[in-house]
Amino acid sequence: MTVVSEATVDESRRRSRRRARRRNTGAALLFLAPWLIGFAVFTAWPLIYSAYLSFTDYDVINSPSFIGWENYVRLFEDPKIALALGNTFFFTLVQVPLYVIVSLALALLLQHAGRSSGFFRTMVFLPKMTPPVAIGILFLLLFNGQNGVINTVLGWFGIAGPAWTTDPAWVKPGLIIMSLWTVGASVIILLTALQNVPEELYESARIDGAGRWRQLTNVTIPLISPALFFLIVVNTIAGLQTFDEAYTAFFGSGNTTYSNDAALFYVIYLFQQAFEFLHMGYASAMAWILFFLIMAVTAVQLLVSRRVVYYEGEAPK
């Protein structure tokens, strides 16, 4: 009888635990339901539907017509795809390293700002709050070839500034320089990483005779490499999706006197195909090609990071 009673008690406890787990699971799903519904409606379903549309001819007005791989074949025959990809990769390859270098330089300066660092952190971060459309308009004001602020300042030193907005050779460099306006968030991330570098490592390096440059390259950069890698990955993805500022400056105004082809980035051309020409199927194919390009670039970066990124507790390779 005692054995039976103990077994009954154990079974009762197991049932109670199962009921408690079900209640906890139900409560968790209830709290997660808004996010799950939002993800399903606004992320998962659009992804699935865009994959289907990429195999169709769809102009929004008429029903989608299945055409197989024709949209993807057309991508390799469209000369503007090569132009847009070239512009996008050039912008990304130049902008991302420059963006990270400027961010690191500002973070190093802020690290030695002392008691006023809070004020300067705020001032550095504030431009990040500027809407992208406003940055595009600001670009036209600052980089105007005739009376822009940049060329006016260059004129003070006897330098004839280029036609930033009309000369195809200077359109992308101008946009790259303008993108540095929003380095604030990256600066704060790097500043936090710098503050976590143990001071005793710098003291050891100084005792060994290391100057500031060797301290930077042998101590600082290896120890903040995870933050640097994060910024490189995130900004590479953002660079490959460049749209707002360039579209506002060169396409949104409808001014055809500007060198639009020099600023025709991949996402801008995708937007045109989708919402100006109503080639939704073709635009969906473009979007999926961009997705796989970003995945491939990120995968390469992750492979490279195994050799150059050092995490806490690891010895430099």
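The values are calculated or read from the model by the stated rules, or taken from the named source; none is laboratory data. Because the structure is predicted, anything quoted here is derived from the model rather than measured. Heads up, the Cβs are rebuilt from the backbone with ideal geometry, glycines too, and the neighbour counts pull from every protein chain shown.
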Checklist entry - Can you find a residue in the range 91-112 that is without any contact (Cβ under 8 Å) to a residue 12 or more places away in the chain, farther than 30 Å from PRO198 by Cα and not in a loop (DSSP other than H, G, I, E, B)? => result yes
Item to check | Members of the range 196-210 that are exposed (fewer than 13 other Cβ atoms within 10 Å of the Cβ) and under 34 Å from the mean Cα position of the chain (by Cα) | outcome: ASN196, PRO198, GLU199
Checklist outcome for this item: Over the range 41-64, the set of residues small (Gly, Ala, Ser), without any contact (Cβ under 8 Å) to a residue 40 or more places away in the chain and surrounded by 11 or more Cβ atoms within 10 Å (Cβ to Cβ) is ALA44
Item to check | Selected residue [surrounded by fewer than 19 Cβ atoms within 10 Å (Cβ to Cβ) and either of a type in the set (Lys, Arg) or modelled with pLDDT under 85 (or both)] from GLU276, GLU312 | outcome: GLU312
Checklist outcome for this item: Of the residues in the range 36-62, those that are modelled with pLDDT of 90 or more, of a type in the set (Val, Ile, Thr) and out of contact with any strand residue (DSSP E or B) (no Cβ under 8 Å at 6 or more places or on another chain) number 4
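Please find, among LEU29, LEU83, the residue that is surrounded by 10 or more Cβ atoms within 10 Å (Cβ to Cβ) and within 26 Å of the chain's Cα centre (by Cα).
LEU83
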Checklist entry - Of the residues that make up the range 104-117, is at least one within 30 Å of MET286 (Cα to Cα) and in the same structural domain as TYR247 (by TED's automatic domain parsing)? => result no
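So that you can scan it fast, the table gives a plain yes or no per residue for (1) in contact with a Leu (Cβ under 9 Å, 6 or more places away or on another chain); (2) touching a residue at least 24 places away in the same chain (Cβ under 8 Å):
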| residue | (1), (2) |
| --- | --- |
| GLU199 | no, no |
| GLU203 | no, no |
| ASP208 | no, no |
| ARG212 | no, no |
| GLN215 | yes, no |
| VAL219 | yes, no |
| ILE224 | yes, yes |
| ALA227 | yes, yes |
Checklist entry - Residue check: is LEU83 in the same structural domain as LEU270 (by TED's automatic domain parsing) and either assigned to a helix (DSSP H, G or I) or in contact with a Gly (Cβ under 8 Å, 6 or more places away or on another chain) (or both)? => result yes
Checklist entry - So which helices (runs of 4 or more DSSP H) are wholly in the range 184-243 and hold at least 1 residues that are within 20 Å of LYS128 (Cα to Cα) and assigned by TED's automatic domain parsing to the domain that holds LEU126? => result 184-195, 225-240
Checklist outcome for this item: Picked from the range 65-80 (must be in contact (Cβ under 8 Å) with a residue 24 or more places away in the chain and part of a helix (DSSP H, G or I)), the residue nearest to MET280 (Cα to Cα) is ASN71
Item to check | Among (1) over 25 Å from TYR247 (Cα atoms); (2) touching a Leu at 6+ places or on another chain (Cβ under 7 Å); (3) at pLDDT 90 or above, the one test that THR92 misses | outcome: (1)
Checklist entry - Taking PHE251, is it closer than 30 Å to PHE55 by Cβ and either modelled with pLDDT of 85 or more or out of contact with any Lys or Arg (no Cβ under 8 Å at 6 or more places or on another chain) (or both)? => result yes
